[in-house]
Amino acid sequence: LPRLVREFVAQNNTTQIKHVIQILSQEFALSQHPHSRKGGLIGLAACSIALGKDSGLYLKELIEPVLTCFNDADSRLRYYACEALYNIVKVARGSVLPHFNVLFDGLSKLAADPDPNVKSGSELLDRLLKDIVTESNQFDLVGFIPLLRERIYSNNQYARQFIISWILVLESVPDINLLDYLPEILDGLFQILGDNSKEIRKMCEVALGEFLKEIKKNPSSVKFAEMANILVIHCQAADDLIQLTAMCWMREFIQLAGRVMLPYSSGILTAVLPCLSYDDRKKNIKEVANVCNQSLMKLVIPEDDEMDEAKPSMTIPAEPTSEESLSKPEAVTTGESQLPHHGRNELDVTALTQPLFFPCSCERIQVTLNLDGIVQVLDYHLSDTSIGMMTRIAVLKWLYHLYIKTPRKMFRHTDSLFPILLRTLSDESDEVILKDLELLAEIASSPAGQTEEAHGPSDGSDVRPGPVELHVPARAGQLSSSSTKGLECSPSTPTMNSYFYKFMINLLKRFSSERKLLETRGAFIIRQLCLLLNAENIFHSMADILLREEDLKFASTMVHTLNTILLTSSELFQLRNQLKDLKTPESRNLFCCLYRSWCHNPVTTVSLCFLTQNYKHAYDLIQKFGDLEVTVDFLTEVDKLVQLIECPIFTYLRLQLLDVKNNPYLIKALYGLLMLLPQSSAFQLLSHRLQCVPNPELMQTTDNTKPSTSFKRAAASNIDYTELLQHFEMVQNKHLEARHQRAGRAEQLDRRVVL
């Protein structure tokens, strides 16, 4: 047969050569008889050897029948087919490259063959084909990629090993730029990375590592945007190796591509945020996720607040803005790329991260930050009670960062974020509450909130019912007339916006509905707010709101809490000094505002008078106590006030006891408290203190030139104490009526129970 073929070649008789190949193919290689098929395969190989360099002209006719035999049920025949193809390819060398796809397809099947001999033969053929591809510069990568993309999703271990080995070979060839087509195969590579075989996982890890090195060397030619969605999905994989590898890639992408990754922020955050709460068992993933989070946050700049999202030149397909995708999160669809499926409780990542296609990453591309998707993801994670503490802290940091960098755009989302931020105040973690308070304080004090009148308090019940009875003038020149709406609660430093008052109202509502929150965290929250915002604004606004509180019992409890904070907290040192002197109109108006609300609690009202050195009025109030219902709680509060008088805060009050002549009402007020107390430890404490008051005759001095303090105070304070006293009586009458009504309802309930 070889001699005959050589003669035909010498005669250039192509017709006879094709006739010989046709006979070998049709009558032998494709025969029904197995021995005929074996003979046909041997004949085709011999024919190819005889053709030599001319075999390239007849490769289609030579290869097709051999590849057909790859599917033969007889393993021995499959081995003969593998051997025949090896000889054909060995002779043709580079001429087989136009037929590479069909050869690769056949080899990928033999790689998973159950017969070890067939598999061994296929490996020899595979190495030969790899050598040919490596030494050639005519490989058709564009034509091969669709086949590679299809085969890469095979679940067979040997087929996966075969695919990875070829990717490594193609990656090593200098003339073949596989990086351009990485988006086509990246998802499949990550799926192979989850294979049960350690060897395959290691090979895939090496291949991905090589790709990442190439990306770092040539970032300008990388299609970052086309691979972002793939990484987002695999960053949420259940397999630790897949998740860690994808997260490492994401870290490099954010650092290399920069703002090109911004349109994918919502998807990236969906993947990264949960990882921040991982324990030490996934420490590596947690650390890389933290770097991703920090790097992504740095990409948001103040200019994003100025960019017009409607400009055509800046419009880039990004996250959807519909609220329905948040309220009804759907699972990620697998589609043709066979991406991993996610549970119902996860956000629809593919919906949040629509693919982008950039001409070249090295070009400067104007990227518009679309906050809708980002805020949607942050809101979702903050609302999820199963999310870990570190994730919640990261969400709050993100929101704070966005309000700092893009306040104008963020205030469009404030109404939707406000309820969840208020609920977060009930969090178990102090650190979460601190971050939440920082965010709420920024919202309440941001200048952007003053100009967003259309986005002010939307809840009709939260709108301020009216101005305070005692008008408090704002400092001239600090605010224009158009921006003072809703700011009456900011007496001396009116820097708050319309959300400040809404915040105070909702905070008090939350304290009212969650008494445990008030008891355990109330003081902590208010003290932190006094550090973050202006303490005078906070106390003035809360007093103003409590003045209209219908739940009198809560009003009394809240006033007691505020009073304790006012008298004991180091954060309020400056405010105490301001109230103690009452030198300015602002301080006197603040006192009047506090006094009206403090009237909900008689003992706190007296303590406020002691703080402000209104001793005569304190004495007048104590005289009214005889008309009140003296309960155990009332006496307990008097007991606490006596203990408080012995604290450092009231050092000035105790020293004023030395000046008996100028402070007679102070002594009378203290004696009044003494007469209210039963024979208790507090009674003994106050009694001993009053016994130390010196004889006024012994304390007389010859220097009468200095005017008395009480005279100066009377001249300086233009306060109508008679009207304040009447207000106190009116509030206490309301409390008395409320107690009688509660007692009546309780009695009726008892009767029903008996009946």
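The values are calculated or read from the model by the stated rules, or taken from the named source; none is laboratory data. Quantities reported herein were computed from a predicted structural model and do not represent experimental measurements. We place every Cβ from the backbone using ideal geometry, glycine too, and count neighbours over all the protein chains shown. Areas reflect the complete protein model, heavy atoms only, side chains present, ligands, DNA and RNA absent. Shrake-Rupley method; radii C 1.70, N 1.55, O 1.52, S 1.80 Å.
Give, in nm to one decimal, the length gained when the segment between Glu303 and Asp659 is fully stretched (0.36 nm per residue of separation minus the Cα-Cα distance).
Additional length available on full extension: 121.8 nm.
Spin-label point model (7 Å from Cα, Cβ direction): what's the Asn177 to Ala743 distance in nm?
Calculated label separation equals 9.1 nm.
What accessible surface, in Å², does a 1.4 Å probe find on Met390, ignoring ligands, DNA and RNA and rounding to the nearest 10?
80
Below 8 Å, C-alpha to C-alpha, sequence gap of six or more: please give me the relative contact order for the range 44-130 in percent.
Here the relative contact order equals 33 percent.
Please compute, for the alpha-carbon atoms of the range 528-571, the extent along each of the three principal axes and give them in descending order in Å.
29, 18, 12
Could you sort out which of Lys130/Lys217; Lys298/Lys509; Lys216/Lys282; Lys60/Lys202 sit more than 32 Å apart by Cα distance in this structure?
Among Lys130/Lys217; Lys298/Lys509; Lys216/Lys282; Lys60/Lys202, the Cα-Cα distance tops 32 Å for Lys298/Lys509; Lys60/Lys202.
Tell me, what is the 1.4 Å probe accessible area of Cys592, in Å² to the nearest 10?
The accessible area comes out at roughly 10 Å².
For the range 122-246, what relative contact order do you get, as a whole percent, if you take Cα pairs closer than 8 Å and at least 6 residues apart?
23
Per-residue HN-Hα couplings for the range 589-595, Karplus 6.51 cos²θ - 1.76 cosθ + 1.60 at θ = phi - 60°, whole Hz, x for Gly and Pro?
5, 5, 4, 5, 5, 5, 4
Ser570 to Thr631: FRET efficiency via 1/(1 + (r/R0)^6), r the Cβ-Cβ distance, R0 25 Å, to the nearest 0.05?
Efficiency for this residue pair is about 0.20.
What residues of the range 161-175 lie in the reach of a label at Thr134, counting those whose backbone N is under 17 Å from a point 7 Å from the Cα along Cα→Cβ?
Correct set: 162-175.
Return the FRET efficiency for the residue pair Arg548, Gln691: r is the Cβ-Cβ distance, R0 is 35 Å, and the value is rounded to the nearest 0.05.
0.20
Please list the non-local residues whose amide H lies under 5 Å from the amide H of Asp115, H modeled 1.01 Å from N, same-chain partners needing a gap of 5 or more.
none
Say each of Asn117 and Glu519 gets a label point 7 Å from the Cα, pointing the same way as Cα to Cβ; how far apart are those two points in nm?
It works out to 8.5 nm between the two label points.
At 1.4 Å probe size, with the rest of the protein present, what percent of the exposed accessible area of the range 490-580 is carbon and sulfur atoms?
In the range 490-580, the share of accessible area belonging to carbon and sulfur is 49 percent.
What is the calculated FRET efficiency for Arg412 to Ser36, with r their C-beta to C-beta distance and R₀ = 51 Å, to the nearest 0.05?
Taking R0 as 51 Å, the efficiency between Arg412 and Ser36 is 0.05.
Explain nothing, just compute: Karplus ³J(HN,Hα) = 6.51 cos²θ - 1.76 cosθ + 1.60, θ = phi - 60°, for every residue of the range 104-118 in order, whole Hz, x for Gly and Pro.
In residue order, the calculated couplings are 5, 4, x, 5, 5, 6, 5, 4, 9, 5, x, 7, x, 5, 4 Hz.
Please tell me the relative contact order of the range 162-316 in percent, rounded to the nearest whole number, where contacts are Cα pairs under 8 Å and at least six residues apart.
Contact order relative to length: 18 percent.
Suppose each label sits 7 Å from its Cα in the direction of the beta carbon; what would the Arg3-Lys217 distance come out to in nanometres?
5.5
Can you list the HN-Hα couplings for the range 63-69, worked out from phi with the Karplus curve (6.51, -1.76, 1.60; θ = phi - 60°), rounded to whole Hz and with x for Gly and Pro?
For the range 63-69, the Karplus curve yields 7, 4, x, 5, 5, 4, 6 Hz.
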